[in-house]
Ligand code: SF4
């Protein structure tokens with residue numbers, strides 16, 4: 001850590017105590033960049049039988065899809081709506097990243113993907129793509145195309161990994177192994193494409209210690225950006241039924257517990273990994289139970305940053321590079 005004009009500057013070049021996603025983009029583009037979500041009407045191989053049926057037990061895409069995302073609208077229309085939506089909230093955004101978010105956004109023939117991605121990139125102000133998908137839903141041909149795109153714009157592939165433990169992946173019916181995730185990340189990173197990952201804390205069958213200990217595994221993965229969130233039981237999912245039948249199998253975090261847990265996790269996390277999200281927030285109408293009540297995501301982020309300051313700690317303070 002350095003001190004500049006009496007302000008502590010952390011290894012990622014700013015005073016926030018974690019390697020924050022918003023600052024990462026400010027460093028690349030010199031301004032705020034806003035993600036605009038798209039539901040391009042992709043399916044999911046874990047629902048249609050190619051990998052499995054019924055999908056992951058926690059999954060209900062409607063709970064996370066912004067209202068302006070309608071697969072019946074074209075990619076351009078959705079981007080236009082998304083830009084309007086975000087302009088109302090944030091006046092400052094000048095550049096946009098098209099975020100192919102819903103379902104598995106590489107699950108189509110390459111020609112179809114090209115058409116959709118290129119349409120997004122033609123939209124004025126769009127400077128890159130973020131493509132959310134499954135680790136077993138990518139191949140060399142698609143990766144080669146994405147590699148070509150990196151010479152024109154920012155391209156990130158964000159893989160849903162959810163847990164480092166195969167026993168958990170089986171239990172939540174993910175339909176792929178942790179090794180599949182590692183392999184996809186390695187191939188993607190080797191081609192110079194930005195890698196993202198998503199994990200959930202609180203999945204059934206994992207102890208808090210196991211959840212925390214994943215930090216050493218995650219820290220060693222070729223991940224550039226990461227999102228974490230606490231498990232929320234969403235209505236209409238297989239997990240809702242499981243939860244009702246066996247509530248004792250679940251150790252859902254209260255927000256106070258999550259605060260302690262996440263600070264411990266961050267202290268051990270590789271400081272080179274950019275953290276996009278600490279928590280998730282499904283609209284209350286989708287939640288089974290009360291969730292965290294009125295506690296909003298931005299409040300939790302503020303509380304975590306405050307706690308980091310009180311403890312004079314930061315992302316990676318206890319990280320040990322084991323390579
Ligand atoms: S979480 Fe993703 S992979 Fe799992 S069922 Fe939902 S869309 Fe498919």
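Read the figures in this text as sums done on the coordinates, not as results from a lab. The shown structure was predicted, so the numbers you read here are calculated from the model rather than taken from an experiment.
For region 89-153, compute the orientation-averaged projected area of the C-alpha convex hull (one quarter of its surface), in nm². Reported value for the Cα convex hull: 5.1 nm².
Computed over region 137-202, the convex hull of the alpha-carbon atoms projects to a mean area of 4.5 nm². Starting from a Cα-only point model with no solvent, please compute log10 I(q)/I(0) by Debye for the chain at q = 0.11, 0.16 1/Å. Calculated log10 I(q)/I(0) at the listed q: -0.71, -1.64.
Our summary of shape: the Cα atoms of region 18-121 have principal axis extents of 44, 33, 25 Å, ordered from largest down, in whole angstrom. Relative to its Kirkwood radius, the Cα radius of gyration of region 236-289 gives an Rg/Rh of 1.06. For region 209-301, the spherically averaged projection of the C-alpha convex hull amounts to 6.7 nm².
Could you tell me the distance between the Cα centroids of region 225-302 and region 13-70, to the nearest Å? Distance between centres, Cα-based: 16 Å. Considering all C-alpha pairs of region 48-89, those separated by over 15 Å amount to 57%. For region 121-273, the Cα-based Rg and Dmax, in that order, read 17.0, 51 Å.
Starting from the Cα gyration tensor of region 194-243, take the square roots of the eigenvalues, sort them a ≥ b ≥ c, and report rounded, prolate or oblate (rounded when a/c is under 1.5, otherwise prolate if a/b is larger than b/c, else oblate). Oblate, because a/c is 1.5 or more while a/b does not exceed b/c.
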